[in-house]
Amino acid sequence: MTPLLASESAAPPAAAALLRRLRTLPLYRAALDGVPDDVPWPTVPFLTRERLTEAFLAGDLVHPDAVRVHLTPHPGGHWLPEYATVADLQAHAEAAAHALSLAGVRPDDHVQVAFGYHRFAGGWLMQGGLEALGAKTIPFGPGETDAALDTLRVLGVRVLVSAPSFAQKLGEAGARVELLIASGEPLSSVAGRRERVEAALGSPERPCTALDCYASSEAGMMALETPARDGLRVLDGWVHLEVIDPETGEPVPDGERGELVVTHVGKQAMPLLRFRTGDLTTLERRADGTYLPRGVFGNVGGMLKVKGVKLFPREVAFWLAGHGLDHAQHTLHVWSHAGTDRLGLQVRGAAADLDTLRTDFQKRFAVRLDDLDVDLMHEGRGVLDRRA
């Protein structure tokens, strides 16, 4: 493990110049009005999805030099456009190519990309970096298991880029690859999932290495594991990441979980400035770069405060999946007794060692379960907070 650096400023490189440039854009003109270039970084206003929607309706997102427009889903069932200039596409491709090279993708590889190539960014987030690296990239798209198997076999594809669930399906149908770049779904943050995917895609003669990638339609590729598998290494030349307390908005110390915030370092069209992703993670600054040591392991939506501890229901779902329980069918109960919070968990699943589950839950979430029940017939109801 690379040694950690002492906590340092949360500001990106050349923050003053970045703010000077962004304040000229309609998206940030009002938010940065009166904000000095040398303002402490944690006081720079956040960008939210709601603000992006407002800017779109006002016509403030379009960029005169944009050459590509992807769409992305946004709250309320709507979509927003995402603009990119030629320089943006090149900068993202170069940063992604470097990350993919560190992950073990080689210029002579055939790489099959099983993400969509339609109105959403999907496979395009991977395509540019793979091409910049020089890999022979196959923009295959999702689904079509039989056709995907045929291409993998005939072309001798060594690297697959896919959601882990589809990759496992391909492996169980007979696909064999040496390297999987997994994105779109949790991999490293769900205990045992990486091992299951690797077992499906590999063989004793040709083992598979599955690596986790964090990307989003709005920001592009942000972090990717290396074969050391000691965390996702951030594309520092493309984005600056920080982690904040989702309740207060204040930065949290390295290693403490919180909401991921992203800033584009040099993007021209629709650059993100302290954009609140809603994703739950931890961050470490090491001598060789910035890392997300546990990947992304949930969302801050629906955050609860129980017994003085922040509890994120989506993180609990990831934990359940890692224990082989039905994360889609569970109920978190919160109630009060004699003025004290109580916490219970019911989940669909087979008989389990409840004492082990209780101990692991307390270790993971720093809060004790007062009630735990595993039942094959349980119908999940999400969060039931009955505190007065």
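The values are calculated or read from the model by the stated rules, or taken from the named source; none is laboratory data. Just so it is clear, the model here is predicted, and its values are computed rather than measured. Positions of Cβ are backbone-derived with ideal geometry, glycine not excepted, and every protein chain shown enters the neighbour counts. Only protein heavy atoms, including side chains, enter the accessible area calculation; ligands, DNA and RNA are left aside. Shrake-Rupley method; radii C 1.70, N 1.55, O 1.52, S 1.80 Å.
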Margin query: Once you place label points 7 Å from the Cα toward the Cβ at His74 and Asp373, how far apart are they in nm?
Written below: 4.3
Check: At a 1.4 Å probe radius, carbon and sulfur cover how many percent of the accessible area of the chain?
Finding: 53
Next item on the list: Take every DSSP beta bridge whose two residues both sit in the range 147-221, then give the antiparallel share in percent to the nearest 5.
Entry: 20
Margin query: Probe radius 1.4 Å, ligands and nucleic acids left out: which of Leu155, Leu384 has the largest accessible area, and how do the rest follow?
Written below: Leu155, Leu384
Checklist line | In range of the label at Asp353: residues from the range 322-342 whose backbone nitrogen is under 19 Å from the point 7 Å along Cα→Cβ | finding: 322-326
Item checked: Proximal lysines relative to Lys363, as straight alpha-carbon distance under 26 Å, when same-chain residues fewer than 8 apart are discounted -> Lys305, Lys307, Lys310
Note to self: Only four residue types carry charge here, +1 at the Cβ of Lys and Arg and -1 at the Cβ of Asp and Glu. Report the dipole size of the range 156-204 about the Cα centre in Debye, rounded to the nearest 20.
What the structure shows: 40
Notebook entry, point to check: Between Arg206 and Asp65, what length in nm is gained on full extension when 0.36 nm per residue of separation is reduced by their alpha carbon distance?
Noted result: 46.1 nm
Check: Given the range 348-388 reduced to its alpha-carbon atoms as identical point scatterers, what log10 I(q)/I(0) does the Debye formula return at q = 0.16, 0.21 Å⁻¹?
Finding: -0.52, -0.84
Margin query: Give me the percent relative contact order of the range 252-388, please, defined on Cα pairs under 8 angstrom at least 6 residues apart.
Written below: 18
Note to self: Using 0.36 nm times the number of residues separating Gln90 and Leu102, minus their current alpha carbon distance, what extension gain do you get?
What the structure shows: 2.5 nm
Check: For the range 305-361, what is Rg from Cα atoms divided by 2.2 N^0.38 Å, rounded to two decimals?
Finding: 1.17
Item checked: Correct choice for semi-axes √(5λ) of the Cα gyration tensor in Å that was computed from the model, options (1) 33, 31, 19; (2) 33, 27, 17; (3) 45, 20, 19 -> (1)
Next item on the list: Return the ratio Rg/(2.2 N^0.38 Å) for the range 10-114, where Rg is computed over Cα atoms only.
Entry: 1.34
Notebook entry, point to check: Summing Lys, Arg as +1 and Asp, Glu as -1, what charge do residues with Cβ under 12 Å from the Cβ of Leu343 carry, Leu343 excluded?
Noted result: +3
Notebook entry, point to check: What's the center-to-center distance, using Cα atoms, between the range 218-287 and the range 331-386 in Å?
Noted result: 31
Note to self: Under the 0.36 nm per residue contour assumption, what length would be gained going from the current alpha-carbon distance of Lys136 and Ala199 to full extension?
What the structure shows: 20.1 nm
Next item on the list: For the chain, report the accessible area per residue in Å² (1.4 Å probe, heavy atoms, rounded to an integer).
Entry: 44
Notebook entry, point to check: Quick one: of the DSSP bridges fully inside the chain, what percent are antiparallel, nearest 5?
Noted result: 65
Check: Which is the longest part of the chain that has none of the GluC sites (Glu not before Pro) sitting in a DSSP loop with at most 12 other Cβ atoms within 10 Å?
Finding: 9-143
Next item on the list: Using DSSP to define loop residues, name the trypsin sites (Lys or Arg not before Pro) in the range 247-356 whose beta-carbon has at most 16 other beta-carbon atoms within 10 Å.
Entry: Lys307
Margin query: What distance in nm separates the two pseudo spin-label positions at Ala58 and Ala17, each 7 Å out from Cα along the beta-carbon direction?
Written below: 2.8
Note to self: What are the extents of the Cα atoms of the range 256-388 along their three principal axes, in Å, largest first?
What the structure shows: 52, 33, 28
Next item on the list: For the chain, calculate the relative contact order in percent as a whole number, restricting contacts to Cα pairs under 8 Å that are 6 or more residues apart.
Entry: 12
Next item on the list: Provide the net charge surrounding Phe166, with neighbours chosen by a C-beta distance below 12 Å and charges set as Lys +1, Arg +1, Asp -1, Glu -1.
Entry: -2
Checklist line | DSSP H segments from the chain that extend 18 Å or more along their own axis, Cα-based, with Kyte-Doolittle mean of 0.5 or above | finding: 86-103
Notebook entry, point to check: When N counts the residues of the range 271-311, how does its alpha-carbon radius of gyration compare numerically with 2.2 N^0.38 Å, as a ratio?
Noted result: 1.47
Checklist line | Sequence of Ile244, Ile138 when ordered by accessible area, the most exposed leading, probe 1.4 angstrom | finding: Ile138, Ile244
Check: At 222 nm, what helix-only mean residue ellipticity would the chain give, in deg cm²/dmol to the nearest 500, using -39500 (n - 2.57) for each DSSP H run of four or more?
Finding: -7500 deg cm²/dmol
Margin query: Taking each pair of distinct Cα atoms in the range 154-247 once, what is the resulting Kirkwood hydrodynamic radius in Å?
Written below: 14.2
